[in-house]
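Report on the following structure.
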Amino acid sequence: MPEPQIRFDDGASYERATGVWSKLAGNVFLDWLKPQSGLRWVDVGCGNGAFTELIFNRFAPTEVHGIDPSEAQLDFARTRPWARTAKFQLGDAMALPFSDDSFDVAVMALAIYFVPDPSKGVAEMARVVRPRGQIAAFVWDVVGGKATATPIQSEMVAMGYTPSRQPSAHASRIEALHELWVDAGLDTIETREIDVQRTFEDFDDFWTTTLLIPVLRPTFAAMPSEDKEILKARVRERLPADATGRITYEARANAVKGRMPA
């Protein structure tokens with residue numbers, strides 16, 4: 001039986017499930033990247049613009065281009081108040097529609113494990129960034145079991161289900177990210193882990209929000225109702241609430257940055 005296709009076709013649901021997480025990790029990532037203001041950026045795999053928004057709010061870029069393969073996600077990004085100053089377009093991370101040396105910074109937020117050939121994606125970012133420009137990415141640690149979907153995904157596996165998986169999940173490993181940057185010929189390469197916490201009002205808030213994550217939705221939708229209830233009970237037991245009923249979960253992203261040679 002073929003694995004269900006992961007679809008990114010609902011920008012609003014993605015915002016609730018992943019946009020908040022993206023901004024939590026993205027702020028730490030940008031503090032670490034320490035770019036100057038007034039630069040030209042390309043956000044590869046920009047999705048619904050959650051991370052792109054951080055770039056605008058924090059660094060007053062002179063130019064930002066967002067590239068993503070989902071028109072639905074881009075449509076949502078274009079509704080953001082600042083979006084009129086950005087340029088969003090449909091595109092492939094492995095064949096960016098830009099000439100060489102077009103940008104000062106290229107970033108890929110929570111997307112590299114969706115690129116069929118991550119090495120081509122990194123090579124394309126390197127191609128479009130000027131000498132001494134920055135190239136960086138961060139991605140949930142799915143292999144290490146620290147991703148935002150892990151509490152539900154791992155219980156699905158324990159029940160005998162095979163949930164959808166990012167096509168290049170191996171690229172989420174911090175060692176793999178370092179190797180990709182080395183192979184692309186980048187200098188001053190650094191890596192780090194980013195741990196962030198998100199608190200949900202109660203278990204139902206965690207449950208309904210997390211099930212909106214695209215890697216979970218097709219598998220959960222195909223489960224019989226009795227297995228859905230069993231899964232919910234298993235996840236509830238895995239994530240005990242605090243005295244107020246709230247659920248706090250910590251996720252980890254792996255990050256990498258480097259510079260183009262002079």
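Of all residues in segment 31-55, those satisfying the criterion of being closer than 16 Å to Ala17 by Cα and either part of a loop (DSSP other than H, G, I, E, B) or without any contact (Cβ under 8 Å) to a residue 24 or more places away in the chain (or both) are Cys46, Gly47, Asn48, Gly49.
The residues on offer are Leu39, Leu90, and the sole one that is buried (at least 18 other Cβ atoms within 10 Å of the Cβ) and either at pLDDT 95 or above or on the phi > 0 side of the Ramachandran plot (or both) is Leu39.
Touching a residue at least 12 places away in the same chain (Cβ under 8 Å), within 26 Å of Val196 (Cα to Cα) and not small (Gly, Ala, Ser): does that describe Phe114?
Yes, satisfied.
Checking the structure you have, find out if any residue of segment 158-179 is under 23 Å from Arg234 (Cα atoms), at pLDDT 95 or above and of a type in the set (A, V, I, L, M). Scanning segment 158-179 turns up at least one residue that is under 23 Å from Arg234 (Cα atoms), at pLDDT 95 or above and of a type in the set (A, V, I, L, M).
The residues on offer are Arg84, Arg58, Arg127, Arg80, and the sole one that is assigned to a helix (DSSP H, G or I) and touching an Asp or Glu at 6+ places or on another chain (Cβ under 8 Å) is Arg127. Applying the criterion of being of a type in the set (Val, Ile, Thr) and surrounded by fewer than 16 Cβ atoms within 10 Å (Cβ to Cβ) to the residues of segment 174-190, the residue that is nearest to Gln73 (Cα to Cα) is Val182. Looking at segment 184-207, is at least one residue more than 30 Å from Pro131 (Cα to Cα) and of a type in the set (Val, Ile, Thr)? Yes, there is a match, as at least one residue in segment 184-207 is more than 30 Å from Pro131 (Cα to Cα) and of a type in the set (Val, Ile, Thr). Just checking, does segment 191-202 include any residue being touching a helix residue (DSSP H, G or I) at 6+ places or on another chain (Cβ under 9 Å), more than 30 Å from Asp31 (Cα to Cα) and buried (at least 17 other Cβ atoms within 10 Å of the Cβ)? No, because not a single residue in segment 191-202 is touching a helix residue (DSSP H, G or I) at 6+ places or on another chain (Cβ under 9 Å), more than 30 Å from Asp31 (Cα to Cα) and buried (at least 17 other Cβ atoms within 10 Å of the Cβ). Counting only residues that are farther than 22 Å from Trp32 by Cβ and aromatic (Phe, Trp, Tyr), which one in segment 95-121 is surrounded by the most Cβ atoms within 10 Å (Cβ to Cβ)? Here the residue is Phe114. Listed by position, the helices (runs of 4 or more DSSP H) contained in segment 172-254 that have at least 3 residues being under 22 Å from Met108 (Cα atoms) are 174-183.
The values are calculated or read from the model by the stated rules, or taken from the named source; none is laboratory data. Please read all numbers here as calculations on a predicted model, not as lab measurements. All Cβ positions, even for glycine, are placed from backbone atoms using ideal geometry, and neighbour counts span all protein chains on display.
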